[in-house]
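Rule-based calculations on the coordinates, nothing more; no lab input. Here the structure is a predicted model, which is why all the values come from computation and not from measurement. With ideal geometry, Cβ positions are generated from the backbone for all residues, glycine too; neighbour counts draw on all protein chains shown.
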Amino acid sequence: MLQRLVSVADSFVPERMVAAGPEEIRRARVAVLIAWLMGTMFAAVLVMRVAAAEWHAAMVDVGLVICCFLAPYLLRWTGQYALIVGTTLGAVFALLCWLGYTNPNPGLNAATMALAEIPLFAIILFGPRVGYVWSAASGLAVLLIGISDFAIPLVPTATERAAFNEYWAAVIMSMTLVSAGVFYERGKDDSLRRIQQLDTERRESELTAVRAETDAKLQQAERFASLGRLAAAVAHEVNNPLSYVKGNLLYVSNHTPPATDDEIRRALAEALDGVERIRRIVEDMRGLTRPSEDATAEADVRRAIRSAVAIADTHTRAKANLQMDIEPHCYARCDEPRLSQAVLNLLINSAQALLGGRKNAHTIAVRARRIDDMIRIEVEDNGPGVPAAIVDRVREPLFTTKPVGEGTGLGLALVEGIMRSYGGTLDIESRPGRTVVTLTLPAIDRMRARQVRSISYGEEIPLRILICDDDPMVARAIRRHLSVHDVHVVSGGQQALDWLDGDEDVDLVLCDMMMPEVSGMDVYDRVAGSLPHLAQRFVFMSGGVFTERAVALKATPGVRFIKKPISIDDLRAVVREAMRRVAADRHPQHG
């Protein structure tokens with residue numbers, strides 16, 4: 001009831017006082033409530049006056065009721081707090097004085113008691129200074145009313161003396177109420193200052209804690225970044241020897257006579273399997289460095305999700321029944337390890353949101369399908385959901401709803417960053433019993449790409465190929481697979497520049513990116529400036545892109561890369577593309 005009354009009182013607070021802040025709102029609200037209180041009191045007295053047939057006093061009470069109940073409407077209409085409240089107090093004061101003066105019942109009565117209360121209301125509505133003025137006016141009015149009611153003789157009767165003492169009692173009551181109001185105002189101000197001080201201390205404490213947590217996370221991020229740079233450098237160095245080991249094993253395997261002993265064939269197959277395992281480990285190490293934003297990245301959505309589900313199994317199997325509905329042949333424009341990491345984060349979030357010990361009552365569903373030109377991935381759980389008030393904040397960095405020590409506040413922010421870097425989105429829909437996080441990514445058609453790569457002009461066209469790599473064994477391993485072509489090998493960037501300056505008639509340049517002194521990037525920049533037609537024939541070979549310059553070059557449209565250790569299929573695709581270009585130059589009608 002009280003809350004409803006305060007809510008109605010707030011509807012009378014003028015807009016300008018709402019804009020002025022909470023203190024002004026409080027003052028206006030109290031003024032409205034006091035007006036209603038005084039109006040109710042005068043209305044009750046009015047009823048008693050009518051019942052006693054005191055018509056003169058009843059008419060004055062009507063004026064008092066009108067003043068009190070009309071004041072809130074005038075306040076809301078005009079917005080003039082001081083004018084309306086001050087005028088209302090003045091009008092009430094004047095009517096009370098007239099009522100007290102004309103009242104046939106002297107001493108303590110409704111008029112004199114109300115006059116004694118007015119200073120208290122003035123203190124509450126305007127402060128102690130204004131209250132002192134009203135206190136003096138009220139006390140003087142009560143005394144004057146008392147004097148006017150009695151022509152006190154030299155020896156007053158006992159009745160006259162008692163009545164006059166009642167007027168003094170009214171004055172003393174007024175002073176007492178004024179003192180109470182002053183103590184209340186001062187105590188209120190002290191309390192507000194203390195509350196503000198405590199709030200400031202709390203905010204400073206929270207800010208200090210947030211800064212400390214942020215510093216700790218930044219230090220952790222820097223350690224991961226350092227680890228990532230180290231891993232990228234190690235991966236680059238490992239991929240060089242791995243390239244020629246794999247290349248030479250494949251070369252030996254492909255040139256092994258059919259009559260070769262089966263044990264030798266098994267040994268070659270096991271060696272190649274070991275190389276593939278090392279390649280996968282190195283690829284995982286590269287995931288610790290800065291995320292790739294390669295516009296040509298392709299992700300097998302089914303494979304990425306299954307990898308995430310397998311890793312998240314320790315989190316989900318005790319919490320919920322996992323359901324998967326993944327449309328086959330879904331390929332997205334995204335780095336596959338990063339997509340797997342994004343889905344993993346969502347699975348762990350869903351598992352942590354579910355209450356333990358009720359596996360059969362909980363479900364986590366993962367769905368993926370292609371809709372038009374987008375891949376749509378959904379992770380749904382039937383947990384308690386995210387409160388509507390914070391559903392838009394859960395993706396903010398450092399914001400977490402999990403207990404201290406369980407959440408970093410970075411999971412959804414990282415997932416959304418991954419989606420945005422590839423032109424995708426992250427959406428959250430949540431209510432009690434159902435939370436769905438939806439990822440969308442651009443779809444790609446790998447079948448069409450494979451068909452384009454398989455186009456042939458029906459002839460093997462010998463190419464002039466330049467291989468530039470500071471590791472001669474890597475270059476020789478590649479050359480062995482290109483024996484039908486005219487292949488020239490150089491071991492450094494400067495040698496490549498010298499060779500290209502003297503012989504521009506080259507169909508394909510396979511160039512290592514990271515080399516001492518003159519890198520592959522330096523070679524490309526110089527060739528692009530002086531021999532732009534040759535720049536289009538560059539294909540970079542790299543065991544890991546981890547410098548700012550290399551990342552920027554890789555993002556340049558038209559620049560092509562193949563990863564080390566070099567896949568024979570990738571090498572053949574590059575050579576086939578070069579042959580198509582040469583064939584198109586020789587036979588324009590096919591272009």
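Details
- Residue-by-residue Karplus 3J(HN,Hα) for region 570-582, coefficients 6.51, -1.76, 1.60, Hz, glycine and proline x: 5, 5, 5, 5, 5, 5, 4, 5, 5, 5, 5, 5, 5
- Across region 301-313, rounded Karplus estimates of 3J(HN,Hα) from the backbone phi angles (6.51 cos²θ - 1.76 cosθ + 1.60, θ = phi - 60°) give 4, 4, 5, 5, 5, 4, 4, 5, 5, 5, 5, 7, 4 Hz, Gly and Pro being marked x.
- At an R0 of 25 angstrom, the distance between the Cβ atoms of Arg420 and Asn360 translates into a FRET efficiency of 0.10.
- Note on region 478-591: percent of Cα-Cα distances in each 5 Å bin, starting at 0 and stopping at the bin with the largest distance, equals 2, 10, 21, 24, 22, 13, 5, 2, 0.
- For Cys334, residues with placed amide H under 5 Å, excluding near neighbours: Glu298, Ala299
- Summarising the amide proton neighbourhood of Met374: residues at separation of 5 or more, or on other chains, whose placed amide H is nearer than 5 Å comprise Ala443.
- 5 angstrom amide H check on Ile326, placed H, neighbours 5+ away: Ala368
- Cleavage-rule hits (GluC sites (Glu not before Pro)) in region 484-591: DSSP loop, at most 15 neighbouring Cβ within 10 angstrom: Glu504, Glu517
- Remark: His485, His255 ranked as His255, His485, counting other beta-carbon atoms within 10 Å and listing the fewest first.
- Binning the C-alpha pair distances of region 45-115 at 10 Å intervals from 0 yields a P(r) profile of 20, 47, 24, 9 %, listed from the shortest bin outward.
- The peptide list 375-382, 535-542, put in order of mean Cβ contacts within 10 Å with the highest first, becomes 375-382, 535-542.
- Each residue of region 48-55 was assigned a 3J(HN,Hα) from its phi angle through the Karplus expression (A = 6.51, B = -1.76, C = 1.60, θ = phi - 60°), giving 5, 4, 4, 4, 8, 6, 8, 5 Hz with x at Gly and Pro.
- In percent, rounded to a whole number, the relative contact order of region 322-373 is 72, using alpha-carbon pairs under 8 Å and six or more apart.
- When Arg26, Arg129 are arranged by Cβ crowding within 10 Å, least crowded first, meaning fewest neighbours, the order is Arg129, Arg26.
- Sequence ranges 13-23, 340-350, ranked by mean other-Cβ count within 10 angstrom, highest first: 340-350, 13-23
- Potential lengthening of the chain between Glu270 and Val8 amounts to 86.0 nm, from the contour at 0.36 nm per residue minus the alpha-carbon distance.
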